[in-house]
Each structure stands twice: as C-alpha cells, then as structure tokens.
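Scroll down for the structure; my scribbles are underneath it.
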Amino acid sequence: MAPGGLWSPSWTVDQPAATLWYRPHPHGKTAEQVAQGMVGMFIVDDPVEQALDLPGDYGVDDLPVIVQDVTLEQDGRLRTGADPGDTVLVNGTPGPYAVVSTERVRLRLLNASVQRTYDFGLDDGSVLTQVAGDGGLLPAPHRTSRVQLSPGERAEVVVTMTPGETRVLRSHPPDLGVSAMSARFSGGGDTLDVVQLRARPTLEPSPEVPDRLGSDAPDLAAAEAEAVRTRTFRLQGRTINGAVMDTDRVDEVVTAGETEVWEVLNSDGEPHHFHVHGVQMRVLTVGGRAAGPELAGLKDTVFLPAGQPVRMLVTLPEHVDPEVPNMYHCHLLRHEDQGMMGQFVVLPPGGSGAGPVAPPAGRTDH
Ligand SMILES: [Cu+2]
C-alpha cells in the first residue's frame, strides 16, 4: 500500500474457530513495521467452540495477549532493529496486568515478536491447560507447565485462579536446539515477566474445561498414505531450496484442494520457522518422531529444530489464482526480510502453465 492509500479487501471466513492475526508484509520492511506495533488479533468463533463453554467473554475471562519485545530509548522512543528487545509489551503495554474476576481465564497467546521465542509458564510452575494452537482447538486439552511459541505461533491456554492471588505469566529460556551464541538472537538465555494476573477477592464460578475439544484428530497415517506427492524444502542461511525470494519467480505450482506432504528441514545451526499462507497444516513427525500433543491441532507456523526434518500434511487452498502467488517463509521477520521466502501459485485440477512467470528451470518434485 502506498502512503495515504486505501485498500478494501473482502473475503469469506471459511475455517473453524481460531486465534488468528494480521500484520503488514512489505518485502524487506516487515520487521521494522511489526516492531512498531502494526499488528492485530483476529478471533474467529463458531458454534462447535461456543458449545464447549470455555471462558469466552472477551475482555473479562477471554483475553488477547499479543506479546512483543522492544528496546526503549531513554526518552521512551522505540529503538528499531534491536533484536531481541529487553522490554516486553502485551497489547502494546509495558508492565501489564489483568484483573481476573472468574475462576478460569483464557489467554490467547500470540508471539508477535520479530525474532524472540518465548517459553511461557506460570511463576509457581502450575498447570496451563492448552486448548488450541494456531489454527483452532486441539482434540483434547494439553496440560503442561510450559508453552513454547516461536514468532507467529499462537496458543490458547486456560488458567485456574484462586481468590485474591496474584500470579505472573513468565517466559523462561526457550529450548531452541542450537548453540547459546545462535540462541541469543532469539532470546535464548532470557527470563522475562509477561503479564500479571490479579484475582479479585471473590471469583465467579467457571465451568471445567471439557475432556474433548475439537473434532477427533484425523488418522494421520491414512491421510499421509493418500497424499499425492512429497515436496521438500531446505532452509539454510537466508535461502529456501538454495534461492532467496524473487517476486518474479514462482517456486512451486500446486493443485487446488490436493493433499501433499511437505518435508521441511532446517539444515542450519540457527533457528528457523516455517509459515505458509492460505493453509493450515497437520504436523506428522519431527525428526522422525510423532509430533507432541501441543502440535495436535492445525498449524500455520511451525518451529524447525535444527537438523530435524518436520513432515507436515498440507491440504492446498481451494481458491484458484494462477496470477497472484501465495508465500511460504521463515517467520523470523529479519530472515523473511532478507529473502528467506518463496512463492507458490494454485491452479485448478488439470490446470497447467499459467501464472505470471514460470517455475525455475531444474526444479523437480517427487
Ligand atoms: Cu530463518
């Protein structure tokens, strides 16, 4: 969008209840704009989710928690380009707290930071009940003391409070699987307070979190067996499959509605993440092992442990557009800005050619 320009998109919301978000995507300038707070949350409800009776009163027991880290100058201005920052903002606010008036409160956690990974936990080590990931409800609640989110990832957690107490949601040093030197740029050694929860002296009762949440997890082995092909993506340096982003090149051509396996490898000694536009994915395996319960729901942004291939089931969008590509990219915004991104176009079944530009010569799929 040009300065002063107006853009009025319209679209059909066609997905289950989820905690989504939006941000600018100007090539090469994304980190700077996001770091200055140009970020918002987009909450989708549906009847299935509402019937579960999870805390759902927005601003009362259902709270957006958009987490960013910044560095502030003496005069209070933001210093951009300093990652990771040393001050945590929640919904743009430093030193935030929430007054809790119910027994249970649902936090919609979004890591909207440029570079930092958070490992969220309560200061007393008590349980966070994770009920949803990026793309919606988990099949069943995942009770855990820690929820690690890399940039772009979301998780919904339910916290149970006792009257009058104050607890702190804190970020602990994340497990990034790389050297301490590399991890430092993603906040590897840091412990930070994120938000205080201050319970009133008396709390309104809240229903228990049900034992079953979203639809049952699909039979992933059967779905994988029916996938029409496997595409591989290798992330190294600031390249994906050896190339940096070129808006004049289409890297992948896919068929609308088909299900494929995408196998993504971080072959570096530094953290990378994989985000795909227009799809929600199911993580099959990480480093050859079955994905953990925190990954049991739909995902659009996935942390890639170094050296461990992540296999994902990807059902491609139904929306055909041979002219305007979708993107996939590392979700460390500095990496994205430096060209760690590729493009794919969606063709109708049986469609061929089309598109503004041809795929690169020599690219083969299997
Ligand atoms: Cu990266």
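Largest GNM mean-square fluctuation across 322, 55, 205, computed for the chain with C-alpha springs under 10 Å, falls on 205. Expressed per residue, the C-alpha convex hull volume of the chain stands at 148 Å³. Derived scalar couplings between HN and Hα for segment 239-247 equal 10, 10, 6, x, 10, 8, 3, 9, 5 Hz in order, rounded to whole Hz, by the Karplus curve 6.51 cos²θ - 1.76 cosθ + 1.60 (θ = phi - 60°), x for Gly and Pro. For segment 252-289, the residues whose amide N sits under 12 Å from a probe point set 7 Å from the Cα of residue 234 along the beta carbon direction are 265-268.
Among 44, 158, 88, the residue with the largest mean-square fluctuation in a Gaussian network model of the chain, with springs joining Cα atoms closer than 10 Å, is 44.
Selection among 308, 210, 3 by position relative to the dipole of the chain gives 308 as farthest towards the positive end (Cβ unit charges, Cα centre). Converting phi to 3J(HN,Hα) with the Karplus coefficients 6.51, -1.76 and 1.60 and the offset θ = phi - 60°, segment 96-101 yields x, 9, 10, 8, 9, 10 Hz in sequence order, with x at every glycine or proline.
With R₀ set to 51 Å, the beta-carbon distance separating residue 215 from residue 72 gives a calculated FRET efficiency near 0.70. Quick check: from the Cα gyration tensor, does segment 220-347 come out rounded (a/c under 1.5), prolate or oblate? It is oblate, given that a/c is not under 1.5 and a/b is not larger than b/c.
In the context of the full set of protein chains, segment 231-307 has a per residue accessible area of 34 Å² (1.4 Å probe).
To put it simply, the accessible area of the chain at a 1.4 Å probe is 51 percent carbon and sulfur. The calculated FRET efficiency for residue 224 paired with residue 48, based on their beta-carbon distance and R0 = 30 Å, is about 0.75. May I ask for the distance between the Cα centers of segment 302-350 and segment 1-22, given as a whole number of Å? Cα centres, segment 302-350 to segment 1-22: 18 Å.
Under the convention that each Lys and Arg Cβ holds +1 and each Asp and Glu Cβ holds -1, the size of the dipole of the chain around its Cα centre is about 720 debye. What fraction of the DSSP beta bridges in the chain is antiparallel, stated in percent and rounded to the nearest 5? That works out to approximately 75 percent antiparallel. Remark: spin-label model distance residue 308-residue 166 equals 3.8 nm, labels positioned 7 Å along the Cα→Cβ axis. Compactness of segment 18-204, taken as the C-alpha radius of gyration over 2.2 N^0.38 Å, stands at 1.02. Just checking the listed ones, 21, 11, 262: in the Gaussian network model of the chain with Cα springs under 10 Å, the one fluctuating most is 11.
Here the Karplus curve 6.51 cos²θ - 1.76 cosθ + 1.60, taken at θ = phi - 60°, turns the phi angles of segment 190-198 into couplings of 8, 10, 9, 7, 9, 8, 8, 10, 10 Hz, with x standing for Gly and Pro. With both labels modelled 7 Å from their Cα along Cα-to-Cβ, the residue 324 to residue 99 distance reads 4.5 nm.
Among residues other than residue 114 with Cβ under 13 Å from its Cβ, the summed charge is 0 (Lys and Arg +1, Asp and Glu -1). Loop-located GluC sites (Glu not before Pro) in segment 163-243 (DSSP state not H, G, I, E or B) with no more than 15 neighbouring Cβ atoms inside 10 Å: 165, 208.
Assuming charge only on the beta carbon of Lys and Arg (+1) and of Asp and Glu (-1), the dipole of segment 18-204 about its Cα centre is about 340 debye to the nearest 20. In a reduced charge model with +1 at each Lys and Arg Cβ and -1 at each Asp and Glu Cβ, segment 282-357 shows a dipole moment near 400 debye about its Cα centre.
The values are calculated or read from the model by the stated rules, or taken from the named source; none is laboratory data. Small disclaimer: the values here were computed from a predicted structure and weren't measured. Cβ coordinates were reconstructed from backbone atoms using ideal geometry, including for glycine residues, and neighbour counts include every protein chain displayed. Just so you know, the surface numbers come from the protein's heavy atoms only, side chains and all, with ligands and any DNA or RNA stripped out. Shrake-Rupley method; radii C 1.70, N 1.55, O 1.52, S 1.80 Å.
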